[in-house]
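Below is one structure, written out as structure tokens; the observations come after it.
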Amino acid sequence: MNFCLSDLVPPLRWSDAARIGTLDRPGLPDAWWRTLPLHRVLAVADAEALAELLTVLALEHWPAAAVGDVLPALHVLDPDEADDPQVAIALDRAGSWHGLLALSGRELADQPFVKARPVLTALFSAVFARLAESSPKASPEASPDREPESPPDEPGPEPEPEPEPGPVGLPELIDAAFADLDDQTWMVAQNRVFTDDPSAPEQLARLLAVPPEVIADAEAALRGRIAHWLASPEAAPYNEHLARLTAALGVAVPKARLVAAADWHGRELRSLEVPAWRFVLATLPDHRLSGDWLVAGDIEDLRERTRGLITAAERPPTVSQALELVRSLGVRPDAAREWLDSVPQLRAQRVPRGSGLKDVSLTRRCFRQPDGRWWLRVDVSGEHLDGAEVMLPTGFAAYVGLAPGDTRTVQSAAGDIGLSWHTRPSLGSLRRILTEVAAEEGSHIFLTLSEEGLLRVRHLPAAGGDETRRALRLVGYTAPGGTPEQAARVIATRVGLTGPAGRPEILARLRERGDRDLLTLLG
């Protein structure tokens, strides 16, 4: 882990250290945030101390910076690792994990019922705690073959990285072309060019203390540099990859297919510090990302053409006929069903009125987790362990895009699993997954589908202890300790209540949803 705090916190690169006296720490040398590897900092200051320091900086020195820009590693953090009541309240106000990270410190402080300081400290602590856990494994001290390093107050020279053997691949080709970006251009690349949610130029300008025109000029220069490189002979192997990829994608494909199209797409480019697939996306000649779909042209136009083909048929087409019509538009066969399911008005036509679909927030055993998605709790039974299918509530089935009559396959870490709605919604056997996580009868499995359509599974052993702890486990909360008041706030958020909710409101919502086990524990 040979990177410094300023490598993790971009605003530190452009801040005047003389104006930030809070950076001084006993036992650490001058300018430690730029020179000392983080694993050596964590040996002196623990994760919570670093998080509190960064919280002060975010609120007092960078109040206009988005939380995710202050510490970009939050974007790849599992939200469950920031499982804190204050974070849960802030997440409820923001609506999603992405929305929470897009708020600035000032905007966070302005949210009703949100206490910005403990929220930021909890978020930052989660990242630094993860790094602290990995540092014993990654630090040079852990290797018996290395010489002992100097103590924290005497930083020694860092070893030069060894060159990777073998022929130069496409990631290395890209890195060689963009390895010399200055800090300002790198910031623009991160926040304007290779991102789903570009920051406004004015926001970056405030963060870097430069006029907005400077940001616009830097972005134009970077895009020009990319175009110039693509036109150069050195980029020929990469352009061949783009040509093959464009043909394989068709006119519409889920974003996850782009990520999985090549094994190196998921790797991080060292020069830009972004996943390689984001660079590929930015250089595709025709395709653009719209939500979870990568589409050549305008997505609404393609949706309208899809609806036109289906509704113009003399009689309602069968599923196979509809898929053939979709393929005639240029959608690849392996993506045709997903595309058909994604067109809003066609989905509405396929779900008959009066089918009994419910709001997922009113569905028993469904809980909104810190990632912003709703997860279904399945209490593991002996039948599940023997391979029986898992029955799904209709509210949750509708939430994951299933409609009466549907049958489809979803991917999981344990292979493909069937998802269907005939007599009632159900998920195929989870026996392999339950075996891999050593689930036992009475433990809990939490399920959801990611935005890419992948089945995510989280296993929690059954909780012992008092009623409060057991109730928190039933809603997927695993952080230790906590008062009954904190537990009430967590449970209220996870069953979809907004704002301050008292015990009567929580119990009323649980009765409405049919969560009798929670009512027993809390009543």
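The values are calculated or read from the model by the stated rules, or taken from the named source; none is laboratory data. Quick caveat: nothing in here was measured; it's all calculated off a predicted structure. Virtual Cβ from ideal backbone geometry, glycine too; neighbours counted across all protein chains shown. Quick note on the areas: whole protein, heavy atoms, side chains included, nothing else; ligands and nucleic acids left out. Shrake-Rupley method; radii C 1.70, N 1.55, O 1.52, S 1.80 Å.
Pairing each residue of segment 211-237 that is closer than 15 Å to Val193 by Cβ with any residue that is among the basic types (Lys, Arg), provided the two are 6+ apart or on different chains, yields C-beta distances under 9 Å for Ile215/Arg192; Ala218/Arg192; Glu219/Arg192; Leu222/Arg192. All of Glu202, Glu213 fail the test of being surrounded by fewer than 19 Cβ atoms within 10 Å (Cβ to Cβ), charged (D, E, K, R), modelled with pLDDT under 90 and assigned to a helix (DSSP H, G or I), apart from Glu202. Checked against the criterion of being under 21 Å from Ala109 (Cα atoms), modelled with pLDDT under 85 and not basic (Lys, Arg), the candidates Ala43, Ala64, Ala51 yield just one match: Ala64.
Here Asp197 fulfils each of the conditions (1) touching a helix residue (DSSP H, G or I) at 6+ places or on another chain (Cβ under 7 Å); (2) in a helix (DSSP H, G or I); (3) of a type in the set (Asp, Glu) apart from (2). Among the residues of segment 44-62, write down those that are assigned to a helix (DSSP H, G or I) and touching a residue at least 60 places away in the same chain (Cβ under 8 Å). Hits for segment 44-62 are Ala47, Glu48, Leu50, Ala51, Glu52, Leu54, Thr55, Ala58, Leu59. Do we find that Thr493 is in contact with a strand residue (DSSP E or B) (Cβ under 8 Å, 6 or more places away or on another chain) and either closer than 16 Å to Cys366 by Cα or open to solvent by less than 60 Å² (accessible area, probe 1.4 Å) (or both) in this structure? Considered against the rule, which asks whether it is in contact with a strand residue (DSSP E or B) (Cβ under 8 Å, 6 or more places away or on another chain) and either closer than 16 Å to Cys366 by Cα or open to solvent by less than 60 Å² (accessible area, probe 1.4 Å) (or both), Thr493 comes out as yes. On inspection, Ala31 qualifies as out of contact with any Cys (no Cβ under 9 Å at 6 or more places or on another chain), open to solvent by 10 Å² or more (accessible area, probe 1.4 Å), over 30 Å from Ala90 (Cα atoms) and at pLDDT below 85. Applying a threshold of 7 Å to beta carbon distances and a minimum spacing of six or more residues, or different chains, the list of pairs starting in segment 395-407 at a residue that is at positive phi and ending at one that is modelled with pLDDT of 85 or more reads Gly405/Trp421.
Here Glu440, Glu467, Glu505 are screened, and the one residue that is among the acidic types (Asp, Glu), touching a residue at least 60 places away in the same chain (Cβ under 8 Å) and open to solvent by 20 Å² or more (accessible area, probe 1.4 Å) is Glu440.
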